[in-house]
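Data block below; observations after.
The values are calculated or read from the model by the stated rules, or taken from the named source; none is laboratory data. No experiment lies behind these values; they were computed from the predicted model shown. When we count neighbours, we look across all protein chains shown, and the Cβ atoms used for this are built from the backbone with ideal geometry, even at glycine. What goes into the accessible areas is simple: the full protein's heavy atoms, side chains included, and nothing from ligands, DNA or RNA. Shrake-Rupley method; radii C 1.70, N 1.55, O 1.52, S 1.80 Å.
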Amino acid sequence: MRLSRYFLPILKETPKEAEIVSHRLMLRAGMIRQQSAGIYSWLPLGLKVLRKIERIVEEEQARAGAIQLLMPTIQSADLWRESGRYDAYGKEMLRITDRHERDMLFGPTNEEMITDIFRGYVRSYKDLPLNLYHIQWKFRDEVRPRFGVMRGREFLMKDAYSFDLDKESARHAYNRMFVAYLRTFARMGLKAIPMKADTGPIGGDMSHEFIILADTGESEVFCDKSLLELPTPAEDTDFSSDLTPIVTEWTTPYAATDEMHDEAAFGALAEDTRVSARGIEVGHIFYFGTKYSDAMGAKVATAEGTEVPVHMGSYGVGVSRLLGALIEANHDENGIVWPKSVAPFHVGLVNLKPGDDLTDPVCEDLYAKFEAAGIEVLYDDTDTRAGAKFATMDLIGLPFQVVAGPRGLKDGLLEVKDRATGEKEMLSPEATLNKLTAALTD
Ligand code: ATP
Ligand code: MG
């Protein structure tokens, strides 16, 4: 992409309304624009990152056997009356009346709708297990939308729903998602710690929130230090086998948010293993048994010919919140430092003197070769002063910067900068191509 033809509205001033660094940087880097409290337009650079996050989520959901569909944002109130949640949900639900005076709502979540889809088609235990998910915009009329996309009113969520014959198989479905979540966040370069969450009337131990430690997080969390070092399950983890050992390793050490915190149990840990910190909830998984299938009549026939309500779980990822969380975890005083798996572009190619006989051909050639190698390049071919070009590149945080100036090119050399370490080296165009191709393709 040529910067001269792109839409990258960089802000020079730090927006006053933004209280935390990720929100400030997203506004300054031209990633989002607020349209109303907690409601944002996704500008091209922001949308690119959002899509990359979605792709990782989709790949790991597929690996865990979940199947993607897409449900609408607008739902009928009648479904929610069946489950009893139409009255229970309160003011966070945006309620709408259509021209025929029918009660509709903008979905804050989809348990009712997915249960309706399930009961419409599935009749037999032979069709289980089943896990269906979508990535769709949600609306929750939060009392206090803040921190940009971190707590929006309209936000993008991945929500999966599992259907099983009994609690034991539901536990298996839960464990598969648990492992998928560990892998999903790890692929984004994030250490998300599963913490026990409230299971409400269902009881048991099958609800976890996945939390990223960050000073700006809204949750207060307590955990055992060992969780900061546990390995992420490998790509070749066999999802058909019993995943209990992996899950046990992650769920045995103490970890809880303030709601579930047990001061005595935490206090019993050795002092140097106790971590108390703040965190950002990026995912939440939950087994809720037959709550919705009972209320909405979602039953399947067993092998013995009896009918039983199906056991369900739901599994959310805050896709748009993850952008904020990623920036909270990856920035410095000059801007964002994207991990390569979610970076909007891999390389920023800076032509210090567009129109120059030395810089133009080298940049054009390199640009074409990067693109051919599947490396995404933002080519700054604009007529801007060098200082501003460097500041923009640091702000938007692409993993590598390649700078072509007449002085270096007299000796046939480009400057290659690693955004994360700040290390710079002078390389020939060919060596630049080789180095970055090796660093950016797996
Ligand atoms: P929170 O406690 O932060 O309000 P929640 O427990 O109500 O979240 P869930 O219903 O578990 O949220 O939703 C699944 C995921 O969606 C959460 O883990 C979070 O990452 C994300 N999410 C929830 N509310 C918001 C919001 N207002 N803005 C952005 N992301 C959100
Ligand atoms: Mg939650």
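Annotations for the structure displayed:
- All of (1) touching a residue at least 40 places away in the same chain (Cβ under 8 Å); (2) at negative phi; (3) surrounded by 12 or more Cβ atoms within 10 Å (Cβ to Cβ) hold for Gly65 with one exception: (2).
- Test: Pro245 is surrounded by fewer than 14 Cβ atoms within 10 Å (Cβ to Cβ) and part of a helix (DSSP H, G or I): yes
- Residue match in the range 375-387 (condition: in contact with a helix residue (DSSP H, G or I) (Cβ under 7 Å, 6 or more places away or on another chain), in contact (Cβ under 8 Å) with a residue 24 or more places away in the chain and assigned to a helix (DSSP H, G or I)): no
- Selection count, the range 393-418, where residues are assigned to a strand (DSSP E or B), among the charged types (D, E, K, R) and within 18 Å of Gly335 (Cα to Cα): 2
- When Gly189, Gly217 are screened for being within 16 Å of ligand 2 (Cβ to nearest atom), over 21 Å from Tyr292 (Cα atoms) and either of a type in the set (Ser, Thr, Tyr) or part of a loop (DSSP other than H, G, I, E, B) (or both), only Gly217 passes.
- Residue in the range 9-32 that is β-branched (Val, Ile, Thr), in contact with a helix residue (DSSP H, G or I) (Cβ under 6 Å, 6 or more places away or on another chain) and in a loop (DSSP other than H, G, I, E, B) present: yes
- Pairs linking a residue in the range 75-90 that is part of a strand (DSSP E or B) to a residue that is of a type in the set (Lys, Arg), with Cβ atoms under 9 Å and 6 or more positions apart or on different chains, are Ser76/Arg102.
- Only residues that are surrounded by fewer than 22 Cβ atoms within 10 Å (Cβ to Cβ) and either touching a helix residue (DSSP H, G or I) at 6+ places or on another chain (Cβ under 6 Å) or within 14 Å of His284 (Cα to Cα) (or both) were counted in the range 162-173, giving 1.
- Count - residues of the range 197-212 that are outside any loop (DSSP other than H, G, I, E, B) and open to solvent by 60 Å² or more (accessible area, probe 1.4 Å): 2
- Unique match (being among the charged types (D, E, K, R), outside the structural domain of Leu398 (by TED's automatic domain parsing) and assigned to a helix (DSSP H, G or I)) among Glu59, Glu101: Glu59
Residue-by-condition table, conditions (1) open to solvent by 20 Å² or more (accessible area, probe 1.4 Å); (2) among the aliphatic types (A, V, I, L, M):
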residue: Pro344; (1), (2): no, no
residue: Gly405; (1), (2): no, no
residue: Leu409; (1), (2): no, yes
residue: Ala420; (1), (2): yes, yes
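- Failed item in (1) closer than 23 Å to Gly324 by Cβ; (2) of a type outside the set (Lys, Arg); (3) within 13 Å of ligand 1 (Cβ to nearest atom), with Val275 passing the rest: (3)
- Test for Arg151: is it within 16 Å of ligand 2 (Cβ to nearest atom), assigned by TED's automatic domain parsing to the domain that holds Ala37 and out of contact with any Lys or Arg (no Cβ under 6 Å at 6 or more places or on another chain): yes
- Filter result for Tyr315 (more than 16 Å from ligand 2 (Cβ to nearest atom), at pLDDT 95 or above and in the same structural domain as Gln68 (by TED's automatic domain parsing)): no
- The set of residues in the range 207-218 that are within 14 Å of ligand 1 (Cβ to nearest atom) and either over 19 Å from Thr251 (Cβ atoms) or not β-branched (Val, Ile, Thr) (or both) comprises Ser207, His208, Glu209, Phe210, Ala214, Thr216, Gly217, Glu218.
A quick yes/no check of all residues on (1) outside any helix (DSSP H, G or I); (2) open to solvent by 30 Å² or more (accessible area, probe 1.4 Å); (3) more than 10 Å from ligand 1 (Cβ to nearest atom):
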residue	(1), (2), (3)
Leu105	yes, no, yes
Glu112	no, no, yes
Asp116	no, yes, yes
Lys126	no, yes, yes
Tyr133	yes, no, yes
Gln136	yes, no, yes
Val149	no, no, no
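- Test result for Ile285, within 16 Å of ligand 1 (Cβ to nearest atom), buried (at least 22 other Cβ atoms within 10 Å of the Cβ) and not acidic (Asp, Glu): yes
- Scanning the range 319-335 turns up one or more residues that are under 30 Å from Val122 (Cβ atoms), modelled with pLDDT of 95 or more, buried (at least 21 other Cβ atoms within 10 Å of the Cβ) and within 16 Å of ligand 2 (Cβ to nearest atom).
- Meets criteria (more than 27 Å from Asp236 (Cβ to Cβ) and among the polar types (S, T, N, Q)) for Ser162: no
- Pro231 satisfies every condition listed in (1) buried (at least 16 other Cβ atoms within 10 Å of the Cβ); (2) in a loop (DSSP other than H, G, I, E, B); (3) at pLDDT 90 or above except (1).
- Filter pass, Glu307 being more than 16 Å from ligand 1 (Cβ to nearest atom), open to solvent by 40 Å² or more (accessible area, probe 1.4 Å) and under 27 Å from the mean Cα position of the chain (by Cα): no
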